[in-house]
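Notes to accompany the following structure.
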């Protein structure tokens, strides 16, 4: 066994031990998790099916669950059919957590161990672990997609569509990865590039329909300003202050389009490095950026920053230290910034419902609101940076 594999196994075992200790001793209480039950998001999938079809359980016990529409595509109801036992279904998440920890170890095995800890123990990582959110499965599918896409053999690159399509069916946001296939034009050989682009366009249209987007967009859970992590927060604050209702979804899309357009013409130089790491960076940034501008549940998607870290560290190796330090600082600040609101809540003994219960410009609301705004500013800086760098990488690779 090679020294690299031994190192990978050692770090993996350490990471597994850390999370095992977290779960056993309930260290989650020191983190902003906003839920007492372990794996609540994962169990929601089972409980919804159980409440919907069971003739035994009293209906009043299910009012909070089936009182609203199922917020995930129908494929998740099929996942719930794996077992009727709630405890067995709960145990499935441990397999998924193992894969998640393996992915972190796989990408960070060659970097300083404290980077591994900063990622694994970040509030975002601990939150998604504690809730057992199904984005962990999407992350696993995108990991497989990434591995297949970077294989030398052409067949593997097209096989990578399989995990990607499954991920899109499970949740629509991986659809943002389809443009990456434009960078594989050298593998097309006899296929006309225009025909290939046309194929990708119609595939996108089909996958939007296939993902049940139009059905779910009207019932998907929406967050208020205090729970908003996405680009919409700035527009919600405007509505809160001026009492002028605006379509923040449309404005978020417009903001994204404008930033992408600006990035195409912005004169910044990004070095061409390893195609494998650049591809991984594009995968991570595409999901983070699209989720920030198009999705209310943005915060879970920050775990996809794991895909951008290999390129960031390559910048350091190649001498681009300022770029390395900036991206590393912004990325990990975004993953840890939730602690600001969490600390404010604990110091002032309030929660996210306080502004609704006690509206107006009182001391608690000003301090708490400021913490939320600071958090959102960090998210904006991260996403603008990812847009500018990824667009330059994409355009340069498209020309090669």
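What the table below lists for this structure:
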{"quantity": "Residue 89 being over 17 Å from residue 17 (Cα atoms), in contact with a helix residue (DSSP H, G or I) (Cβ under 7 Å, 6 or more places away or on another chain) and either touching a residue at least 24 places away in the same chain (Cβ under 8 Å) or not in a helix (DSSP H, G or I) (or both)", "calculated": "yes"}
{"quantity": "Count of residues meeting criterion [more than 20 Å from residue 378 (Cβ to Cβ), assigned to a loop (DSSP other than H, G, I, E, B) and either touching a helix residue (DSSP H, G or I) at 6+ places or on another chain (Cβ under 6 Å) or modelled with pLDDT of 60 or more (or both)] in the stretch 337-358", "calculated": "3"}
{"quantity": "Top-ranked residue of the stretch 109-122 - restricted to ones that are surrounded by 19 or more Cβ atoms within 10 Å (Cβ to Cβ) and assigned to a helix (DSSP H, G or I), ranked as farthest from the chain's Cα centre (by Cα)", "calculated": "116"}
{"quantity": "Selection within the stretch 138-153 - over 15 Å from residue 180 (Cβ atoms) and either at pLDDT 90 or above or part of a helix (DSSP H, G or I) (or both)", "calculated": "138, 139, 140"}
{"quantity": "Residue list for the stretch 300-316, filter: outside any helix (DSSP H, G or I) and under 21 Å from residue 31 (Cβ atoms)", "calculated": "none"}
{"quantity": "Test: residue in the stretch 233-254 that is more than 22 Å from residue 184 (Cα to Cα) and either within 11 Å of the chain's Cα centre (by Cα) or modelled with pLDDT of 90 or more (or both)", "calculated": "yes"}
{"quantity": "Helices (runs of 4 or more DSSP H) within the stretch 1-73 that include 1 or more residues more than 24 Å from the chain's Cα centre (by Cα), more than 24 Å from residue 94 (Cβ to Cβ) and modelled with pLDDT of 85 or more", "calculated": "3-25"}
{"quantity": "Condition met for residue 373 (assigned to a helix (DSSP H, G or I) and modelled with pLDDT of 95 or more)", "calculated": "no"}
{"quantity": "Check on residue 258, over 21 Å from residue 365 (Cβ atoms) and touching a residue at least 12 places away in the same chain (Cβ under 8 Å)", "calculated": "no"}
{"quantity": "Selection within the stretch 260-278 - in a helix (DSSP H, G or I) and surrounded by fewer than 21 Cβ atoms within 10 Å (Cβ to Cβ)", "calculated": "260, 261, 262, 263, 264, 265, 275, 276, 277"}
{"quantity": "Any hit, the stretch 266-281, residues being out of contact with any strand residue (DSSP E or B) (no Cβ under 9 Å at 6 or more places or on another chain), within 15 Å of residue 378 (Cβ to Cβ) and in contact (Cβ under 8 Å) with a residue 40 or more places away in the chain", "calculated": "no"}
{"quantity": "Only listed residue being part of a loop (DSSP other than H, G, I, E, B), farther than 30 Å from residue 160 by Cβ and modelled with pLDDT under 95, chosen from 319, 297", "calculated": "319"}
{"quantity": "Single residue of the stretch 170-221 satisfying the filter (within 16 Å of residue 158 (Cα to Cα) and assigned to a loop (DSSP other than H, G, I, E, B)) that is modelled with the highest pLDDT", "calculated": "191"}
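The values are calculated or read from the model by the stated rules, or taken from the named source; none is laboratory data. Because the structure is a prediction, the values reported are computed rather than measured. No Cβ is skipped: glycine too gets one built from the backbone with ideal geometry, and neighbour counts run over all protein chains shown.
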